[in-house]
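**Q** Input: one structure, supplied below.
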Amino acid sequence: MMDWLGKTGNSHSRRMPLRVCAFTSLLVCASIHAQTQRPPVFRSRIDLMQLDVTVLDKNGVPVRGLTKDDFTLLEDKTQQTIEAFKAIDLPDRVVAGPAWADKVTADVTTNEIDNARIFVLVIDDGFGMGADPVRHFPEPWAIREMRKTAELFINTLGPQDLAGLVYTGTTAKFSQNLTSDHAKLLKALSAYPDNDSTLWLGTGGQQACLAHKEIVRLVNAVVDQLASLPDRRKSLVYFGGQMPWTDRAGVDDPCGTYWMWQDVFAAAQQGSVTINPIQTAGLGTGAVDPYLSVADYTGGHAVVATNDFVPGVKRIFQENSSYYLLAYQPTKDLADGTFRRITVTVKNRPDVQVITKRNYWAPRAPKPGDAEKPPPSEQVKALAGLLPDSRLPLRVTAAAFAMPGSDAAVVTLSLGIRQPAFASRTPDQIELLVRSFTTTGDPKVGDDQVIPITVPAAPLEADVSRYEVLARLDVLKPGPYHLRLSAHSVASDTRGSVYVDVDVPDFRKDKVSLSGIVLNSALGGATVAPLRLLRDIVPLTPTTERSFATADIVTAFLRAYQGASEKVASVPLKISIQDAVGKSVFNKTETLGPDRFSAGHAADYQFRLPLSTLKAGEYLLTFETVMGKVAAKRDVRFQVK
């Protein structure tokens, strides 16, 4: 019987409890609810096994410039022929770009992701933060270092790295899906509890065993999802004060996690996923062997027995910055379920350390009579993937507005589409699917529509045709949401998907709140359809463009709200623009008087960007207001050409 992750396995990993589903958040659960058929999880076929191999010198520095002929690869002591080879060499992160780039989330999300490394940070907030032996509370030092070390890791990510963040305990709802936006990751990390003694579950007993098992299930689920992504460096980084690991079954395994870990290792080894555990409780606070063993089984690096985590984090990035992809066809070409050992060495280089997976379990052939499930539709696959489908380049912006007379909100969506240039006016149809999910992966409202549009001929020498389609999601309650959009161009028979997060304020209850920001370009805008879809919500047609010429006429629109139970008062609205170095180049404060607010306690505001006064470069536009102790803020990043 197939489990919900689409693979066979022993009974320890067959079912995913709801709490673990919440832990993994949208990394796993959104793809389940987005589909009617469950897509199979990618596995390296037995007739073409792929390895990623890191080679380090005696100083721990990656050895670059090796070729296929420099490697010797053995499986069960039998030499294998390397069929395919690729060297991956990523430069160290160059700190560049706007000063506010890591603090402000871009309001436009794209599916054009050019990355070679993917990290998922698993933050243990429910079991092993390091206990005070007297009070049995988490150590403040361990709590501080957990957050500090994870923040260091996020700030070390390169601009093209993808990372997600998931919690193991009560903070799970703040987990962050895969993103290259460091501001989103840091925001998710900020939810880590400062000092909550209720999180400490001790080291024994039934409650601790439940925590052990759910952490292992979470790790297994994340590894399974990462394994579905081919041709990328995939790493799980575990930040924990203790590691719920045992190296043997039976009486030495009171919680029954030994076989669960074997499932984790099998999935990691088959899917080329490394696990890098960091013992953030510090020097002398627990056993190091569990960390070392988990790293060793998967080709990762463990950071243990230290109060200085900087070198260890640096080492993890070093090992993932330069590596080699090797693929071979095993000479023992049987799907027999046997255990196989792998040995990789570099010829004539006894001074180097080779890091890769050391073994794997071969898959078993299907039993006679096993029925194959029909594959999911292309629409479902585009929505259900851990990463968006980029065959059709897409970019999206989402903005939440209150629905008059309701506690719910409407989210407006503008989807920018780019594809190879059409030489002449071309009728097209866009088959659009939109799905929304809570942060725990529960499905909410969706929208399916077919949008007719006539795409104009691309300008001379342009290599793409660009146009935009509009959509909306009604009746969303206050809270954060994850949206997934799939678009299919009938004219080019090309499909893509894009994912975006949106926060819906409690417009009726909050003392003051702001809608999302909509930008409109009056000159040179792309073709838009359906043109009037959002007219009852916003007076301007949104655009996903964020790069403008000084002669362009660009207007920003947002709506300010006062709570339904509040007496309407004047609302101060501050508008500011910062340049790339963080210097203020525009400041203005306006007062939205009571007469500006409608019967629904809402006031519209439009602002013309002063593009003609700005030099070429990156800018940050900010709207913010404060009333009493309540503040609201919205940002838009844009570029002047």
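Read-outs: derived from the displayed coordinates by stated rules, not from any lab. The structure displayed is predicted, hence computed values, not measured ones. Positions of Cβ are backbone-derived with ideal geometry, glycine not excepted, and every protein chain shown enters the neighbour counts.
**Q** Would you mind ranking VAL346, VAL502, VAL61 so that the residue whose beta carbon has the fewest other beta carbons within 10 Å leads the list? Spell out each step's value before the answer.
**A** Values: VAL346 18, VAL502 23, VAL61 12.
In order of increasing Cβ crowding within 10 Å: VAL61, VAL346, VAL502.
**Q** Which whole-number percent is the relative contact order of the chain (Cα, under 8 Å, 6+ apart)? Don't skip to the answer; put the middle values down first.
**A** Values: 1502 pairs, mean separation 98.8, N = 641.
Answer for the chain is 15 percent.
**Q** If R₀ is 22 angstrom, what is the calculated FRET efficiency for the pair GLU83 and ARG364, using the beta carbon separation as r and rounding to 0.05? Show your work: numbers first, answer last.
**A** Numbers: r = 23 Å, r/R0 = 1.07.
That pair, GLU83 with ARG364, gives E of 0.40.
**Q** Would you work out the charge dipole size for the chain about its Cα centre, treating the Cβ of every Lys and Arg as +1 and the Cβ of every Asp and Glu as -1, and quote it to the nearest 20 debye? Mind showing how you got there, number by number?
**A** On the way: 71 positive and 69 negative charges, 96 e Å.
Rounded to the nearest 20 debye, it is 460 debye.
**Q** Taking the Cα centre of segment 388-640 as origin, work out the dipole magnitude from +1 charges on Lys and Arg Cβ and -1 charges on Asp and Glu Cβ, in debye rounded to 20. The partial results should precede the final answer.
**A** Working: 29 positive and 27 negative charges, 107 e Å.
Here segment 388-640 has a charge dipole of around 520 debye.
**Q** How large is the convex hull of the C-alpha atoms of segment 394-463 per residue, in Å³?
**A** Numbers: hull volume 9.3 nm³, N = 70.
Cα convex hull per residue, to the nearest whole number: 133 Å³.
**Q** Test of understanding: ordering LYS567, LYS213, LYS357 by Cβ neighbours within 10 Å, fewest first, what list do you get?
**A** Fewest-to-most Cβ neighbours within 10 Å comes out as LYS567, LYS213, LYS357.
**Q** For segment 388-640, what's the relative contact order in percent, using C-alpha pairs closer than 8 Å and at least 6 residues apart?
**A** It comes to 18 percent, rounded to a whole number.
**Q** Would you be so kind as to identify all helices of the chain, as entire DSSP H runs, whose Cα atoms reach 27 Å or more along the helix's own axis and whose mean Kyte-Doolittle hydropathy is at least 0.0? All intermediate terms of the calculation are to be shown ahead of the outcome.
**A** On the way: long enough: 205-227 (33 Å, 0.41).
Passing helices, by number: 205-227.
**Q** What's the exposure ranking of ILE430, ILE553, going from fewest to most Cβ atoms within 10 Å?
**A** Numbers: ILE430 22, ILE553 15.
With the sparsest Cβ surroundings first, the list reads ILE553, ILE430.
**Q** Have a look at PRO244, VAL294, PRO230 and report the one farthest towards the positive end of the charge dipole of segment 200-320, computed about the Cα centre with Cβ charges (Lys/Arg +1, Asp/Glu -1).
**A** PRO230
**Q** Picking from ALA551, THR440, ALA423, whose Cα lies most toward the positive end of the charge dipole for segment 388-640 (charges on Cβ: Lys, Arg +1; Asp, Glu -1)?
**A** Positive-end residue among those listed: ALA551.
**Q** If the limit is 28 Å between Cα atoms, which of LYS86/LYS367; LYS103/LYS511; LYS314/LYS583; LYS103/LYS357; LYS148/LYS615 go over it? Show your work: numbers first, answer last.
**A** Working: LYS86/LYS367 36 Å; LYS103/LYS511 25 Å; LYS314/LYS583 32 Å; LYS103/LYS357 37 Å; LYS148/LYS615 37 Å.
From the list (LYS86/LYS367; LYS103/LYS511; LYS314/LYS583; LYS103/LYS357; LYS148/LYS615), the Cα-Cα distance tops 28 Å for LYS86/LYS367; LYS314/LYS583; LYS103/LYS357; LYS148/LYS615.
**Q** Highest mean first, what order results for 328-334, 311-317, 532-538 on Cβ atoms within 10 Å?
**A** Details: 328-334: 14.4, 311-317: 17.7, 532-538: 16.0.
Averaged packing, sorted descending, gives the order 311-317, 532-538, 328-334.
**Q** Another question, then. List the pairs from LYS444/LYS477; LYS184/LYS633; LYS173/LYS509 whose alpha-carbon separation is above 18 Å, in the order I gave them. Please report the intermediate quantities before stating the final value.
**A** Details: LYS444/LYS477 10 Å; LYS184/LYS633 16 Å; LYS173/LYS509 22 Å.
Beyond 18 Å: LYS173/LYS509.
**Q** Of all the stretches in the chain, which is the longest one without any exposed loop site, taking GluC sites (Glu not before Pro) in a DSSP loop (any state but H, G, I, E, B) with at most 10 other Cβ atoms within 10 Å?
**A** Value returned for the longest uninterrupted segment is 1-371.
**Q** Could I ask something else about it? Lys/Arg Cβ at +1, Asp/Glu Cβ at -1, dipole of the chain taken about the Cα centre: which of ASN348, ALA522, ASN276 is farthest positive-ward?
**A** ALA522
**Q** Okay, moving on. Could you please report the charge total around VAL568, scoring K, R as +1 and D, E as -1 over all other residues with beta-carbon less than 10 angstrom from its beta-carbon? Let's see the in-between values first.
**A** Values: positive: LYS567, ARG596; negative: GLU566, ASP595.
My count for the surroundings of VAL568 gives 0.
**Q** What percentages, rounded to whole numbers, describe P(r) for the chain computed over all alpha carbon pairs with 20 Å bin width beginning at zero?
**A** The distribution over the chain is 17, 48, 30, 4, 0, given as percents.
**Q** Count the net charge of all other residues whose Cβ sits under 10 Å from the Cβ of VAL475, scoring Lys and Arg as +1 and Asp and Glu as -1.
**A** On the way: positive: LYS444, LYS477; negative: ASP407, ASP474.
Within the 10 Å Cβ shell, the charges total 0.
**Q** How big is the shadow of the Cα convex hull of segment 388-640, averaged over all directions, in nm²? Don't skip to the answer; put the middle values down first.
**A** On the way: hull surface 57.8 nm².
Mean orientational projected area (segment 388-640, Cα hull): 14.4 nm².
**Q** Compute the distance from the alpha-carbon center of segment 153-172 to that of segment 306-374, in whole Å.
**A** 24
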